[in-house]
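Engineer: This structure is in structure tokens; I'll ask about it shortly.
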Amino acid sequence: MSERKGPHFGIFLSFIFFWGIGFYMLRIILWNTFGREVLTFEDDKISYEADYRYFRDGKTSISTKDIEVVAVPTIDESAKLGILIFTNENQHIDTVLRVPFDKMTELAAEVNNRY
């Protein structure tokens, strides 16, 4: 810049790189502080959305035709936590939040009975 040639291309690459790292860190902090999963049960589909409080991400939906809901225990079996997996013939949704496994099995049974 002292030679008045203007900013180099590397400055723009650095800006994009560090902005990306900052956004990723913001997502992690917001998820760990305010994060929640929103499951919406409708007659013909189930919708999933990750809510970070200030923005939402990962919105997806799955058809309820031939749907199967399974409660899966986490790797650490001493904590007795589990997640839900929604599957049909060509789509699947995996939840992220770990909830006590007995509550997950109850929820999976209710959803399977409904659909």
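Engineer: What residue, of G10, G35, G58, G20, is open to solvent by less than 60 Å² (accessible area, probe 1.4 Å), within 14 Å of the chain's Cα centre (by Cα) and without any contact (Cβ under 8 Å) to a residue 12 or more places away in the chain?
Structural biologist: Numbers: G10 fails: within 14 Å of the chain's Cα centre (by Cα); G35 fails: without any contact (Cβ under 8 Å) to a residue 12 or more places away in the chain; G20 fails: within 14 Å of the chain's Cα centre (by Cα).
Just one listed residue meets the conditions, G58.
Engineer: Out of G20, G58, I need the residue that is out of contact with any strand residue (DSSP E or B) (no Cβ under 8 Å at 6 or more places or on another chain) and small (G, A, S). Which one? Talk me through it step by step, then tell me what you get.
Structural biologist: Values: G58 fails: out of contact with any strand residue (DSSP E or B) (no Cβ under 8 Å at 6 or more places or on another chain).
None of the others qualify; the one that does is G20.
Engineer: Filter the stretch 54-97 down to the residues that are closer than 20 Å to E42 by Cα and outside any strand (DSSP E or B) and list them by number.
Structural biologist: Selection gives T64, K65, D66, I67, N88, E89, N90, Q91, T95.
Engineer: Let me ask something additional. Residue under question is N112, and the condition is that it be among the polar types (S, T, N, Q), open to solvent by less than 70 Å² (accessible area, probe 1.4 Å) and not in a loop (DSSP other than H, G, I, E, B); does it hold? Even if it seems obvious, please write down each step before you answer.
Structural biologist: Working: among the polar types (S, T, N, Q): yes; open to solvent by less than 70 Å² (accessible area, probe 1.4 Å): yes; not in a loop (DSSP other than H, G, I, E, B): yes.
The answer is yes for N112.
Engineer: Sort out which residues of the stretch 72-98 are of a type outside the set (S, T, N, Q) and open to solvent by less than 20 Å² (accessible area, probe 1.4 Å), and write them in order of number.
Structural biologist: Here is the first cut: in the stretch 72-98, the ones of a type outside the set (S, T, N, Q) are 72-73, 75-77, 79-86, 89, 92-94, 96-98.
G82, L84, F86, I93 - these are the residues of the stretch 72-98 that are of a type outside the set (S, T, N, Q) and open to solvent by less than 20 Å² (accessible area, probe 1.4 Å).
Engineer: Yes or no: L97 of a type outside the set (D, E, K, R), closer than 30 Å to Y115 by Cα and touching a helix residue (DSSP H, G or I) at 6+ places or on another chain (Cβ under 7 Å)?
Structural biologist: Values: of a type outside the set (D, E, K, R): yes; closer than 30 Å to Y115 by Cα: yes; touching a helix residue (DSSP H, G or I) at 6+ places or on another chain (Cβ under 7 Å): no.
Here the answer is no, as L97 does not meet what is asked.
Engineer: Just to be sure I understand, how many residues within the stretch 35-63 are touching a Lys or Arg at 6+ places or on another chain (Cβ under 6 Å) and either among the hydroxyl-bearing types (S, T, Y) or outside the structural domain of A108 (by the TED database) (or both)?
Structural biologist: Of the stretch 35-63, the ones touching a Lys or Arg at 6+ places or on another chain (Cβ under 6 Å) are 49, 51, 61, 63.
Next, only the ones that are either among the hydroxyl-bearing types (S, T, Y) or outside the structural domain of A108 (by the TED database) (or both) stay: 61, 63.
Of the residues in the stretch 35-63, 2 are touching a Lys or Arg at 6+ places or on another chain (Cβ under 6 Å) and either among the hydroxyl-bearing types (S, T, Y) or outside the structural domain of A108 (by the TED database) (or both).
The values are calculated or read from the model by the stated rules, or taken from the named source; none is laboratory data. Owing to the predicted nature of the structure, the values given are computational and were not obtained by experimental measurement. Every residue, glycine as well, gets a Cβ built from its backbone with ideal geometry; the counts of neighbours run over all protein chains shown. These accessible areas exclude ligands, DNA and RNA; they are computed on the full protein's heavy atoms, side chains included. Shrake-Rupley method; radii C 1.70, N 1.55, O 1.52, S 1.80 Å.
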